[in-house]
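The values are calculated or read from the model by the stated rules, or taken from the named source; none is laboratory data. No experiment lies behind these values; they were computed from the predicted model shown. When we count neighbours, we look across all protein chains shown, and the Cβ atoms used for this are built from the backbone with ideal geometry, even at glycine.
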Amino acid sequence: MAVDDAQTELLKLKKINRALMDRVELSMDQQGNAYSLFQTAISLEDQVRRRTAELSNTLGDLERSNQQLVNARDAAVEANLSKTRFLAAASHDVLQPLNAALLLMSTLSTVQSSENGTRLCRQVEHSLETMDTLLRNLLYMSRLDAGDVQPHWQAVSLDHLFDSIASDFEPIAQVRNLELRVRRTGLHVWSDPTMLRRTLQNIVANALRYTRHGGALLIAGRRGDRVHVRIADTGIGIETERFKDIFIEFQRCGLGTDDLDGSSAGMGLGLAIVERMVKTLEINLTVNSRIGTGSCFSLSLPYRAAPTELRVPTSAVRHSDKSGSTKLAGTRIVVIENDLYALQAMEALLTQWGCELRLASSTRETLDALNSENPWMPELIIADQHLNNNERGTSVIRIIREQTGRRIPALVVTADPSERLWHMADQGRIEVMKKPVKPAQLRALLTHMRARSLQLSS
């Protein structure tokens, strides 16, 4: 009995001992797991610290790179603006010698006795006119990019504008056996007349350039407070995916009639200028086209009621008289020009037309020429706007009118017609012509001015 009790107690002790051992082992396992977790946490903390340091270094490098890119971009923008400002400011000096060359070439062409000499003069004159067009477009784009061209807002007669464009492009259309149709509507819009005219000119020129058969149509219609001007053609059309490309400089879509006849008039700048001007004038421009059928450019402008009195721009007057030189014979003209070559070229051209001249390069020389021993009363004034010593042609014109007591018809020629000049010209009833001056246009305008002066004096 005692032995059985002893065995029973022994079994109990073994169970207790086993249970204790199991608890001890379990406790040791838990401690081991906790230690492992502690080590893992330390390891992760080290990794986080390293990754944070790496990320901080990367962010620092990225920030420095971004700053370098910003500095490089600012430098590029400033360099581009400097170039643009230079071209805009240099337009007068760039076009001055070209103006003299065109005037001299026109004079040389008329004194040629041989057919070959006349042909060569015409070729040189054509090359100079092409150079003139390219330089004008490049310089005008530079002025637009530099923000130097600001709109002179006013009510613009679309009929006068359309008549002017028809006068410019009907001869071109006839030469290419095309028809240019223009519809008068009596509508007026709120815009800048010069910039709007140039916008429409470039689109019409583009329409005729890429049209082989048919022609182009210039129309306008009103919807509420908006006027929609459309230029449609029956040309080769434009692929839809290339609508944006046609407004990029020197991009030409397809083969135009200029290429067919060997001319190089289409230089891919017209629509690039259009895009800049419609942004400046806040015009909504849309394009629709179909290959082989034609294209339609639509411009949406604000409607404006017709003013009670609207001056017809010089450019809107139709000049079809080709015998202006005989009508200018004996006309007394004072010419103020500070560039010697341009002055000599103008003298040769006007003398050939039979005009009686007084030449000057400043206000003082002009007054001396008019107040000489034999008083001389000019019938017309031609003045360059930018003279030496910061003198302006408009100021010289005002002084001449004050000295003579007469509102003598005057023309300002300039390569850089600013908004202020246009405003002064409107106020002083002064005509403005851009350099380089084309002899045929100059002759027609002077004839018109002289005829108007005779009507007013009679």
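Being modelled with pLDDT of 70 or more and of a type in the set (A, V, I, L, M, F, W, C) narrows it down to one of Leu134, Leu128, Leu95, so name that one.
None of the others qualify; the one that does is Leu128.
Given the conditions (1) closer than 30 Å to Ser167 by Cβ; (2) under 31 Å from the mean Cα position of the chain (by Cα), and given that Ser395 satisfies all but one, which numbered condition is not satisfied?
Single failed check for Ser395: (1).
Please specify each residue of segment 188-242 satisfying the condition of being hydroxyl-bearing (Ser, Thr, Tyr) and within 14 Å of Leu281 (Cα to Cα).
Result: Ser191, Thr194, Thr199.
Go through segment 399-458 and count every residue that is part of a helix (DSSP H, G or I), small (Gly, Ala, Ser) and out of contact with any helix residue (DSSP H, G or I) (no Cβ under 6 Å at 6 or more places or on another chain).
6
What residue, among those in segment 375-410 that are in contact (Cβ under 8 Å) with a residue 12 or more places away in the chain and among the charged types (D, E, K, R), is nearest to Tyr341 (Cα to Cα)?
The qualifying residue nearest to Tyr341 (Cα to Cα) is Asp384.
Give the residues of segment 203-216 that are surrounded by fewer than 19 Cβ atoms within 10 Å (Cβ to Cβ) and either under 25 Å from the mean Cα position of the chain (by Cα) or among the basic types (Lys, Arg) (or both), sorted by residue number.
The one that is surrounded by fewer than 19 Cβ atoms within 10 Å (Cβ to Cβ) and either under 25 Å from the mean Cα position of the chain (by Cα) or among the basic types (Lys, Arg) (or both): Arg212.
State which residue is modelled with the lowest pLDDT when the search covers only segment 300-323 and only residues that are under 27 Å from Arg398 (Cβ atoms) and surrounded by 18 or more Cβ atoms within 10 Å (Cβ to Cβ).
Looking at residues that are under 27 Å from Arg398 (Cβ atoms) and surrounded by 18 or more Cβ atoms within 10 Å (Cβ to Cβ), I get Ala316.
Let's see how each residue does on (1) within 21 Å of Met346 (Cβ to Cβ); (2) assigned by TED's automatic domain parsing to the domain that holds Arg332; (3) touching a Gly at 6+ places or on another chain (Cβ under 7 Å):
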site: Asn374; (1), (2), (3): no, yes, no
site: Asn388; (1), (2), (3): yes, yes, no
site: Arg392; (1), (2), (3): yes, yes, no
site: Arg406; (1), (2), (3): no, yes, no
site: Pro409; (1), (2), (3): yes, yes, no
site: Val412; (1), (2), (3): yes, yes, yes
site: Ser418; (1), (2), (3): no, yes, no
site: Pro439; (1), (2), (3): yes, yes, no
site: Leu442; (1), (2), (3): yes, yes, no
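Going by what's in this entry, would Glu282 be described as of a type in the set (Asp, Glu), at pLDDT 85 or above and exposed (fewer than 13 other Cβ atoms within 10 Å of the Cβ)?
So Glu282 passes the test.
Quick one: count up the residues across segment 96-124 that are surrounded by 19 or more Cβ atoms within 10 Å (Cβ to Cβ) and not aliphatic (A, V, I, L, M).
4
Among the residues of segment 191-202, is any at pLDDT 80 or above and assigned to a strand (DSSP E or B)?
Yes, segment 191-202 contains at least one residue that is at pLDDT 80 or above and assigned to a strand (DSSP E or B).
Search segment 324-378 for residues being among the acidic types (Asp, Glu) and assigned to a loop (DSSP other than H, G, I, E, B), and hand back the single one that is surrounded by the fewest Cβ atoms within 10 Å (Cβ to Cβ).
By that ranking, first place goes to Glu373.
Looking at segment 151-190, which of its residues are more than 21 Å from Val432 (Cβ to Cβ), touching a strand residue (DSSP E or B) at 6+ places or on another chain (Cβ under 7 Å) and part of a loop (DSSP other than H, G, I, E, B)?
Result: Leu178, Arg183, Thr185, Leu187.
Identify, from the list Gln441, Gln403, the residue that is surrounded by fewer than 18 Cβ atoms within 10 Å (Cβ to Cβ), out of contact with any Phe, Trp or Tyr (no Cβ under 8 Å at 6 or more places or on another chain) and closer than 27 Å to Arg122 by Cα.
Going through Gln441, Gln403 in turn, the sole match is Gln441.
Are there any pairs, at least 6 apart or on different chains, whose C-beta atoms fall under 6 Å, with the first in segment 159-187 and of a type in the set (D, E, K, R) and the second in a strand (DSSP E or B) and buried (at least 20 other Cβ atoms within 10 Å of the Cβ), and if so, which?
Cβ pairs passing all conditions: Glu170/Leu180.
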